[in-house]
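Please treat every number below as a calculation from the coordinates, not as lab data. These numbers were taken from a predicted model, which means no experiment stands behind them. Neighbour counts are summed over all protein chains in view; Cβ atoms, including those assigned to glycine, are modelled from backbone coordinates with ideal geometry.
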Amino acid sequence: MKCSVDCLVCFMDQTLRVARISSDDAAVHLAVVREVASLLPKMDMSLTPPENSMAVYAAIARITACPDPYLALKKMSNDQALAILPELSREVAESSIPLITALRLAIAGNIIDYGAMRSFDVAAALNRARTVPFAIDAGTQLLARLGGLPEKAKILYLADNCGEIAYDRLVIRCLADMGLKVTVAVKAGPIINDALLADALACGLAQYARIITNGTACPGTPLPLCSAEFLDAFHDADLIISKGQGNFETLSEAGSETRAPIFFLLTIKCPVVGAHLADLAGMGRETLPGEGEMVLFTRDHWAEG
């Protein structure tokens, strides 16, 4: 997915918000905004929004001397999710199709996004996931794909944000219980509230999966910038589960780069992303306005290949 003019406006909005989280000094806020504003004319609009955001957040970190402004919020998100995880685990175990229930709860957790959202209600999102049909639901296709895989087939799970990574554990445990070998990829360095290695370990994912990083501090998965270790896992996977909006933005048009089908799990929090996904799915753009629609999507040629 390529950048749009709307992304530039969003970058400026995020810039001031993060500057104010990082520093109480109004002069620093002004310096940050001016620096990021100077970057906008130089941005390559053929790149994805997450790729272009890397320069934005690097500038903020450099000027504010605060490399991880969301650190406290990330820990709070993890702690809050872990507090209700036992209850959600029971719900998954008692459901008729545990993996589908786990997927719905994990997608609801994708509402935890300090880049795209100013505020969000996790409890409301979880309740909606239990009762409201998804805008796109490829759950049946995913179950069929997984059911056709041999024991110890390789699943690559691309994690997104803190907090929601605890809900991802519900899905990852189901996959491990099916006899599949799961690798979870997190980000290598701080970027917005994306999960890092320490977050994956703190949320207990290592009980069920191998944990690696993708080698970037990008809020997505830009394959040309990823590490050799990650690319090996990506190309060797039998099925890829891509979590979150940023991973979708960077991989939505991938095709020949992988032999494995990619299933995208996300809550749409942006009209630009909604329009792009609607185009890919052959839907009217009005059906995905980017107002919290929950989606489990795969490209048709992958699903049928």
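Estimate the FRET efficiency between Ala123 and Lys181 by the formula 1/(1 + (r/R0)^6), using the beta-carbon distance for r and 41 Å for R0, to the nearest 0.05. Please report the intermediate quantities before stating the final value.
Numbers: r = 33 Å, r/R0 = 0.82.
With R0 = 41 Å, the Cβ-Cβ based efficiency is 0.75.
How do Ser22, Ser4, Ser96 line up, fewest other C-beta atoms within 10 Å first?
On the way: Ser22 21, Ser4 17, Ser96 6.
With the fewest neighbours first, Ser22, Ser4, Ser96 line up as Ser96, Ser4, Ser22.
What are the trypsin sites (Lys or Arg not before Pro) within region 107-178 that DSSP puts in a loop, where the Cβ has at most 13 other Cβ atoms within 10 Å? Show your work: numbers first, answer last.
Details: sites: Arg118, Arg128, Arg130, Arg145, Lys152, Lys154, Arg169, Arg173; in loops: Arg118, Lys152.
Passing both the DSSP loop test and the Cβ count: Arg118, Lys152.
Along Cα→Cβ, 7 Å out, is where each label goes; now give me the distance between the ones at Leu149 and Val132 in nm to one decimal.
It works out to 2.9 nm between the two label points.
Pop out the ³J(HN,Hα) list for region 50-55 in order, Karplus 6.51 cos²θ - 1.76 cosθ + 1.60 with θ = phi - 60°, rounded to Hz; leave Gly and Pro as x.
x, 5, 5, 5, 4, 5
Could you work out Rg/(2.2 N^0.38 Å) for region 137-290, with Rg from alpha carbons only?
Values: Rg = 14.9 Å, N = 154, 2.2 N^0.38 = 14.9 Å.
The value comes to 1.00.
Using DSSP, restrict attention to beta bridges with both residues in the chain and report what percent are antiparallel, rounded to the nearest 5. Mind dumping the intermediate values first?
On the way: 6 of 26 bridges.
About 25 percent, rounded to the nearest 5.
5 Å is the cut-off here: which amide hydrogens, built 1.01 Å from N in the peptide plane, fall below it relative to Ile136, excluding neighbours closer than 5 in sequence?
Leu296
Only Cα pairs under 8 Å and at least 6 apart count here; give the relative contact order of region 5-64 as a rounded whole percent. Can you show the working numbers first?
On the way: 41 pairs, mean separation 26.4, N = 60.
The value is 44 percent.
List the extent of the Cα atoms of the chain along each of their three principal axes, largest first, rounded to whole Å.
Largest first, the chain extends 57, 39, 39 Å along its Cα principal axes.
Which ³J(HN,Hα) values in Hz, rounded to whole numbers, follow from the phi angles of region 72-83 under the Karplus curve 6.51 cos²θ - 1.76 cosθ + 1.60, where θ = phi - 60° and Gly and Pro get x?
Karplus values, whole Hz, x for Gly and Pro: 5, 5, 5, 5, 4, 4, 4, 5, 5, 5, 5, 5.
For Leu180, what residues show an amide H to amide H distance below 5 Å, using hydrogens built from the backbone and excluding near sequence neighbours?
Lys152
At Ala58 and Leu40, where each label point lies 7 Å from the Cα along Cα→Cβ, what is the point-to-point distance in nanometres?
My value for the distance between the label points is 2.0 nm.
What are the residues whose amide H is under 5 Å from the amide H of Cys270, where those residues sit 5 or more places off or on another chain and H is modelled from the backbone?
Amide H to amide H, under 5 Å and 5 or more residues apart or across chains, Cys270 pairs with Gly292.
Calculate the all-directions average of the projected area of region 1-160's alpha-carbon convex hull, and give it in nm². Walk me through the numbers on the way to the answer.
Values: hull surface 49.0 nm².
Its average projected convex-hull area is 12.2 nm².
Can you check what the Kirkwood hydrodynamic radius comes to for region 10-59, Cα pairs only, in Å to one decimal? Walk me through the intermediate numbers first.
Working: mean 1/r = 0.0901 Å⁻¹.
Kirkwood hydrodynamic radius for region 10-59: 11.1 Å.
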